[in-house]
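Note sheet for the following structure.
The values are calculated or read from the model by the stated rules, or taken from the named source; none is laboratory data. Keep in mind it's a predicted model, so treat the numbers as computed, not measured. Don't worry about glycine lacking a Cβ; one is built from the backbone with ideal geometry, like all the others, and counts go over all protein chains shown. Protein only, heavy atoms only, side chains kept; ligands, DNA and RNA dropped before computing areas. Shrake-Rupley method; radii C 1.70, N 1.55, O 1.52, S 1.80 Å.
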Amino acid sequence: MKIVVAPDSYKGTLDQYEAARIMTEGLEEQGHACVMKPMSDGGDGLLHCFRSEGYDRIITNVTGPEGNTVEAVYYMKKGTAVIETAEACGLHLINGSHPIDRTTFGVGELLMHAVDQGADHIILGLGGSATSDGGYGMFMALGGAATDEAHLPLGVFNRDIPKITELNVQSIRRFDGIRLTIASDVTHPLLGSNGAVRTFGPQKGIDGSDLDRFEGMLDHLSEKASDVFPANHADSPGAGAAGGLGWMLLNIGAEMQAGGELVAEMVHLEAEIRQADAVITGEGKSDRQTLGGKAPSIVADLSKKHGKPCHLISGQVTEDLSDYFDGIHALVEGEDDVKKVMADTPFYLKKKMQEIFPA
């Protein structure tokens, strides 16, 4: 059989590329032919989807979320750059700082580096960020300016936002002729009970007593941004992604696109499914939310379109999804198995592949 292998990541154990490789290894041992197409909905691990797609791997140094220099990677091919913002401001780069002392400055540096390398289309995945600065740091890296009530220049960290009296875009880097695309599955607005701070702040280290303060910072930044940008996208779907970074990207002209659909299009997933006998997808934990634009649902939709059986192989499956997938398979069959499976996910994943698709 020819099988398309298109999983998302198994969080805490395997990224999507590793998962696809292990699945493929198990299937090829049974005599099947496989095509690896790791998937993402724009969240963590977007770059892994492009490791085998002929993109050049570019390494540069940028400012990390705590202000130190970090090494960042992105991919580029024929003028298209794929950037994962977590490379510049991700949770994995945090070394004890308080959220007030973080910045997205490095994201702006990545954008400028890609443009200088000849990019005319930049795709940005917003998953895994450690910042809640509304993209203020990125704004500053792109040449924006901020001054306080004494007309003195301000710094680039979250702590500087409350001091802003005026923003200035006169010297900001323009992206004329360059398409900026945000790949994200987040639809939250910038502010409010469903916004950037109250929804995602706690996972970035903002405790309950600080939520009002950080919400006030973004509200203040939004008010000042209204004076310099033609439209304020605070209520736009996705503005709250990555601590409000999505909002600032929309302000500078980026467009929002469903991450899973964008990745599928870029890696030519549909063409491979059309020629396959079967399709496999998966993720760490599946429930009804999986059907709301997550990567496995994108894979299933394309499989149905071309009449190909699609199997879901996830770490855990907690709700009935049999109306959407042709086969539902969980690595964990009971709560007692969670630690055991997470300790050796490659073994259990490969074993499951060979049970579902014997020689």
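What angle do you read, to the nearest 10 degrees and between 0 and 90, between the alpha-carbon axis of helix 295-305 and the longest principal axis of the chain?
Here the helix axis deviates by roughly 50 degrees.
Under 14 Å from the Cα of residue 294, which aspartates and glutamates turn up, not counting those fewer than eight places away in the same chain?
8, 41, 44, 185, 261, 283
Would you mind telling me which residue in 167, 312, 190 has the biggest mean-square fluctuation in a Gaussian network model of the chain, where springs connect alpha carbons within a distance under 10 angstrom?
The residue with the greatest mean-square fluctuation here is 167.
Where a Cα-Cα gap under 23 Å defines reach, which lysines qualify for residue 163, not counting those fewer than 8 residues away within the same chain?
The qualifying lysines are 204, 224.
Please state, rounded to one decimal and in Å, the Kirkwood hydrodynamic radius that the range 87-186 gives when every pair of distinct Cα atoms enters the mean of 1/r.
In the range 87-186 this quantity evaluates to 14.5 Å.
Would you mind pulling out the separation of the Cα centroids of the range 25-97 and the range 226-275, in Å?
Comparing the Cα centres of the range 25-97 and the range 226-275, I get a distance of 17 Å.
With +1 on the Cβ of every Lys and Arg and -1 on the Cβ of every Asp and Glu, and nothing else charged, how large is the dipole of the range 190-264 about its Cα centre, in debye rounded to the nearest 20?
Here the range 190-264 has a charge dipole of around 120 debye.
Can you give the helix-only mean residue ellipticity at 222 nm for the chain, where every DSSP H stretch with n ≥ 4 adds -39500 (n - 2.57) and the sum goes over all residues, rounded to the nearest 500 deg cm²/dmol?
The helix-only estimate for the chain comes to -8500 deg cm²/dmol at 222 nm.
Counting alpha carbon pairs within less than 8 Å and at least 6 residues apart, what relative contact order, in whole percent, applies to the chain?
Relative contact order for the chain comes out at 19 percent.
With N denoting the number of residues in the chain, provide Rg(C-alpha) divided by 2.2 N^0.38 Å, to two decimal places.
Its radius of gyration relative to the 2.2 N^0.38 Å reference: 1.03.
Taking 7 Å along the Cα-to-C-beta vector as the label spot, tell me the residue 337-residue 227 distance in nanometres, rounded to one decimal.
Roughly 6.0 nm, to one decimal.
Angle between the Cα long axis of helix 16-29 and the longest principal axis of the chain, 0 to 90 degrees, nearest 10?
So the helix axis and the longest Cα principal axis differ by about 10 degrees.
Find how much the distance from residue 33 to residue 351 grows on full extension, using 0.36 nm per residue of separation minus their present alpha carbon separation; answer in nm with one decimal.
Length gained, residue 33 through residue 351: 112.8 nm.
So how long is each side of the range 195-321 along the principal axes, counting just the alpha-carbon atoms, biggest first, in Å?
Sorted from largest, the Cα extents of the range 195-321 read 55, 34, 17 Å.
For the Cα atoms of the chain, what angle does the longest principal axis make with the long axis of helix 211-225, in degrees from 0 to 90, nearest 10?
Between helix and principal axis, roughly 70 degrees.
Counting only GluC sites (Glu not before Pro) that are in a DSSP loop and have at most 15 other C-beta atoms within 10 Å, tell me the longest site-free stretch of the chain.
150-318
Just the accessible area per residue of the range 18-74, please: how many Å² with a 1.4 Å probe?
39 Å²
Would you work out which of 167, 281, 256 lies farthest towards the positive end of the dipole of the range 148-296, given +1 charges on the beta-carbon of Lys and Arg and -1 on that of Asp and Glu, about the Cα centre?
Result: 281.
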